[in-house]
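Written below as structure tokens is the structure these notes are about.
What follows is calculated from the coordinates using simple rules that are stated; it is not laboratory data. Here the structure is a predicted model, which means the values were calculated and not measured. Note that each Cβ is placed from the backbone with ideal geometry, even for glycine, and that neighbours are counted across all protein chains shown.
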Amino acid sequence: MKRLDDRGIDEALIAALSLQLDQASVQVRGELGIAWDERVHRIRTGLKTARATLRLMRHGIGAGAWRRANESLRDAGRAFSDTRDWDVLLSCCRELSRRRRLAPSLRELEETLVERQRRSLERVQDGEAVERGLDLIGTARAGVHAANAGGWEGVWRGVRRVYVLGRRACADGGAESDLGRRHELRKRSKDLRFQFRLFRSLAPRWPARVESRLERLTDRLGEERDLHLFGLAFRASAPPEPRRARAVLEYLDGRQRRLLSELRPLAKQLYGDDRRAFLERTRSELERSLGGRGRGLRRAAAVTAASALAAGVALWFSEEQRRRLR
């Protein structure tokens, strides 16, 4: 097979990143009339998607420029993180409250979480987070203006780096106490998941068999972390009745253990290959799916691919919202 076109993938990634930053800015400004709790969720997920794309361009734009742009997008997301954290804790509390034997111990905590979520939303609505978020997105955009990905070779370097970091976190995060390493594993697995979704928008015939496994892994890692953080909040709330409190803590402990038992084999399955084997298989499958189109990607095709990615991300947002409301 002839070498795939470097200019085409550079243009495709620049178009995709530009669209992702535009979408994040639209959400920050609130131009779609979406409620603030869902809007914050979309802002943070949109910025994570843009950072995953940016990681594919690290070799082309240079480590220094990449780091500055990445930190700007990270800090833009952090401007809304407090609201998102309280939303997660409240959703977790309400889910557990559906269990009759746990509900009495959670009633007071739920009221506290509702109030803290309200205050957090008020702080976001005062405009400071919006202004800061837009400024930081603009800084990131300026930092990668007229950038390139370094061609396909640069793209594959970006994929390899994310996989290596995820594999390292997988090896180090096996013990129940390694919450920080599992959080790192989740972040890098999300990067791969978003990157693979982008590749599939460029090559719709690409099977991307690993993508569904990455989704299961990141979902379970997210649930395990949410339960851990909720457990900390529950203990800090000083439940009044020890027996009822014990029922909640035992339920949380049992559910986390079940999740960990699912996580370990799934993570090993995903990160069991060495970096060369993983990269060669992924690269070979994608190049076969691209075929001649990989040598002919140009601006129009890139914008079409980026639009397909946007539609996919919008669908993912709605699926995530339904999952959170179950």
Q. On a 0 to 90 degree scale, rounded to 10, what angle separates helix 242-270 from the longest Cα axis of the chain?
A. 20 degrees
Q.
If the only charges are +1 at each Lys and Arg Cβ and -1 at each Asp and Glu Cβ, what is the size of the charge dipole of region 6-325 around the Cα centre, to the nearest 20 debye?
A. 1040 debye
Q | the chain - percent relative contact order, Cα under 8 Å, separation 6 or more | A | 30 percent
Q: Show the residues, 5+ positions off or on another chain, whose built amide H is closer than 5 Å to the amide H of Gly150.
A: Gly60
Q | Cα pair distances in region 127-230, grouped into 10 Å bins until the bin that holds the longest one, percent each | A | 13, 32, 32, 22, 2
(Q) Using each residue's phi in region 272-282, evaluate 6.51 cos²θ - 1.76 cosθ + 1.60 at θ = phi - 60° and report the 3J(HN,Hα) Karplus result to the nearest Hz, with x for Gly and Pro. (A) x, 6, 6, 4, 5, 5, 4, 5, 4, 5, 5
Q. Taking Cα atoms, how many degrees apart are the long axis of helix 63-78 and the longest axis of the chain, rounded to 10 and kept between 0 and 90?
A. 30 degrees
Q: Give me the percent of Cα-Cα pairs in region 75-146 that sit more than 19 Å apart, rounded to a whole number.
A: 49 percent
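Lys pairs in the chain, Cα-Cα under 22 Å, at least 8 apart or on separate chains: how many?
The number of close lysine pairs in the chain is 4.
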**Q.** From phi via Karplus (6.51, -1.76, 1.60), per-residue ³J(HN,Hα) for region 126-139 in Hz, x at Gly/Pro
**A.** 6, x, 5, 5, 5, 4, 5, x, 5, 4, 5, 5, x, 4
**Q.** Acute angle (nearest 10 degrees) that the helix 6-29 long axis makes with the longest principal axis of the chain, alpha-carbon atoms
**A.** 30 degrees
Q. Which FRET efficiency, nearest 0.05, do Glu153 and Glu110 yield, Cβ-Cβ r, R0 56 Å?
A. 0.60
(Q) Within a 10 angstrom radius of the beta carbon, how do Arg84, Arg258 rank from fewest other beta carbons to most? (A) Arg258, Arg84
Q | Within a Gaussian network of the chain (alpha carbon springs, distance under 10 Å), most fluctuating of Arg39, Arg205, Arg197 | A | Arg205
